[in-house]
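The values are calculated or read from the model by the stated rules, or taken from the named source; none is laboratory data. Predicted model, so just to flag it, every value in this text is computed and none were measured. Here the Cβ is made from the backbone with ideal geometry for all residues, glycine too, and neighbour counts use every protein chain on show. To get the accessible areas, we keep the full protein, side chains included, count just its heavy atoms, and leave off ligands, DNA and RNA. Shrake-Rupley method; radii C 1.70, N 1.55, O 1.52, S 1.80 Å.
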Amino acid sequence: MLNQDLGRGRGVYISTYGCQMNTNDTERMLALLEMMNFVPVESPDRASLIIINSCSVREKPVHKVRSEVGHYKDWKAKNPDLRIGVGGCVAQQEKAKLLKDIPVLDFAFGTDAIDQLPEIVARAYESKEKQVSARFENDKPYSIETMVRNPGVAAFVNITKGCDNFCTFCVVPFTRGRERSRSLKELVTDIKSLVARGVREVTLIGQNVNSYKSECGTDFANLMRTLAEETDIQRIRYTTSHPKDFNQELVDISAKYRSKICDYIHLPAQSGNTEVLRRMNRGYSREEYLDKVAMIRQGIPGVVLSTDIIVGFPGETEAQFEDTRSLLETVRYENIYAFKYSPRPFTKAARYTDQVPESDSKRRLQILLDRQREIAFELGEPYSGQTYDVLFEVKAQIPDQIQGRTTHNKLVYAVGPDSLIGQTRRVHVTKAFPNVLHGEILNQNAGALL
Ligand code: SAH
Ligand code: SF4
Ligand code: F3S
């Protein structure tokens, strides 16, 4: 039973690190806590309940948990009502140890324990006992209804949880558990109800969305087809897709339903060298990755690609790094997310003995970022003078302007009335920067273009 009185007069503040999975989990936590009448507040000093939704993909965000809690350390003396908890991947990974290391914490809860949050919080107020809930629910079917309090134009929808790939650098299989997919039926119903609430665009999220498999055997390509055919959603995006699971069928369905399935694919390469990819356990070679890129570009001409790269993976030689550098030249991504390798607990690569010195990783990262900046500028220029359909999502920070995105996920700013939010308009691009376009709305008074 939900204690609806518990939150009355109490503010809740959640800080969120990490990926879209965590962003969506935070929204779910807030929705659950609002049912107990907690009121979300903008700053932690106004909160009676502070939760840190943590990420452990690299060492840096893990440190942030400790430094953020450090700020709140003395607040309890002034406010005995204050409760502090940690959720997300660090909590999942460290469990009770986290509470032992940081005595000011009242509770820690893992990535499968979000729906238990109301009881966890109730206990945190009712008893002084510290609590840890970090069991994986691997045996239960993955069934959740998307919880969004005030849906905007775009929403994230979880389609899978967990990961079974065990890339040797990655902690996620240990923090999110085994891979499970939601049922096709549940997803169709979920997205229909989001559409009824005004959502126009969904981003399907999961660690490896294209290994989606519903209990009736539907794969990711057919999930996309079903959503495109059976729901009135206007745009579908997805992230993250794994190169090894990207197949021709998905390309064909993306091409067939191009008006709905967006022309933007995030396809993490991690490295451009086959030997490094093998040691990473990625399941593809450089050539196979490039074949996938060619297959995608042939089936969906003009599609925009982005990627994730790790530099300084254990044993990465200068020549192997050169292969990654040359991958940028060959593929010409519009955007890359590049990181220095960070050894993670439980992972195989953390035990590799040939760790790369920090100074080499740092230099390699800089080389990639510098070159990518140039490529992004070169690829950005041709957008200027073109006309695109833009789905407007929110008011911009700039006065009188609204912002939206093209199918390629390019952010667009244009002068226009708030009444166009949620609608698609033709926009003529007057100025193009690598990730941001400025433009003029051509058909401001036209009916919505679907
Ligand atoms: N499931 C996604 C990646 C999720 S983690 C995929 O398979 O592509 C997001 C990104 O963080 C990864 O793509 C990788 O580039 C980076 N990453 C993961 N573990 C890392 C580590 N130990 N050190 C540095 N970067 C890492
Ligand atoms: Fe991590 Fe690899 Fe799974 Fe991505 S696919 S979450 S990098 S183990
Ligand atoms: Fe971080 Fe966990 Fe996401 S480790 S990247 S929050 S799955």
Row for segment 109-249, column shape: gyration tensor on C-alpha, a ≥ b ≥ c, rounded if a/c < 1.5 i.e. under 1.5, prolate if a/b over b/c, else oblate; value oblate
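At a 1.4 Å probe radius, which order do CYS19, CYS163 fall into by accessible area, largest first? Please list the in-between numbers first.
On the way: CYS19 45, CYS163 15 Å².
Greatest to least solvent exposure: CYS19, CYS163.
Packing-wise, with mean Cβ within 10 Å as the measure, how do 186-193, 239-246, 268-275 rank, highest first?
Values: 186-193: 18.0, 239-246: 19.6, 268-275: 21.6.
By packing density, highest mean first, the sequence is 268-275, 239-246, 186-193.
Given 0.36 nm per residue, what is the gain on full extension from ASP291 to ASN435 after removing their alpha carbon distance, in nm? Mind dumping the intermediate values first?
Numbers: separation 144, 0.36 × 144 = 51.84 nm, distance 2.62 nm.
Net length gain for the segment: 49.2 nm.
What does the C-alpha gyration tensor say about the overall shape of segment 1-73? Classify as rounded when a/c is under 1.5, otherwise prolate if a/b is larger than b/c, or oblate. Walk me through the numbers on the way to the answer.
Numbers: a/c = 2.85, a/b = 1.57, b/c = 1.81.
Judged from the Cα gyration tensor, segment 1-73 comes out oblate (a/c at least 1.5, b/c at or above a/b).
Calculate how many DSSP beta bridges within the chain are antiparallel, expressed in % of all such bridges and rounded to the nearest 5. Mind dumping the intermediate values first?
Details: 22 of 65 bridges.
Of all bridge pairs located within the chain, approximately 35 percent are antiparallel.
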What is the distance in Å between the Cα centres of segment 209-249 and segment 343-372?
33 Å
Exposure of THR146 as accessible area (Å², to 10), given a probe of 1.4 Å and all protein chains:
20 Å²
For the chain, what does the alpha-carbon gyration tensor say about shape, rounded, prolate or oblate, given a ≥ b ≥ c as the root eigenvalues, a/c under 1.5 as rounded, and a/b over b/c as prolate?
oblate
Once ligands and nucleic acids are excluded and a 1.4 Å probe is used, how much of MET295 is accessible, expressed in Å² to the nearest 10?
40 Å²
Orphan Cys of the chain, criterion: no other Cys C-beta under 4.7 Å
CYS19, CYS55, CYS89, CYS163, CYS216, CYS262
Quick query: amide H of VAL311 versus all other amide H atoms, modeled in the peptide plane; which residues come in under 5 Å with a sequence gap of 5 or more or a different chain?
PHE339, LYS340, TYR341
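Can you work out the accessible area per residue across the chain, with the rest of the protein chains kept in place, probe 1.4 Å, in square angstrom?
44 Å²
Which sequence of MET147, MET224 reflects their accessible areas, 1.4 Å probe, from the largest down?
On the way: MET147 50, MET224 0 Å².
Heavy-atom accessible area, descending, gives MET147, MET224.
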Tell me the accessible surface of ILE402 in square angstrom (1.4 angstrom probe, heavy atoms of protein chains only), to the nearest ten.
0 Å²
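With a 1.4 Å probe and all protein chains in place, put GLU316, GLU329, GLU288, GLU334 in order of accessible area, largest first. It would help to have the intermediate numbers written out before the result.
On the way: GLU316 10, GLU329 75, GLU288 95, GLU334 30 Å².
The most accessible residue leads, giving GLU288, GLU329, GLU334, GLU316.
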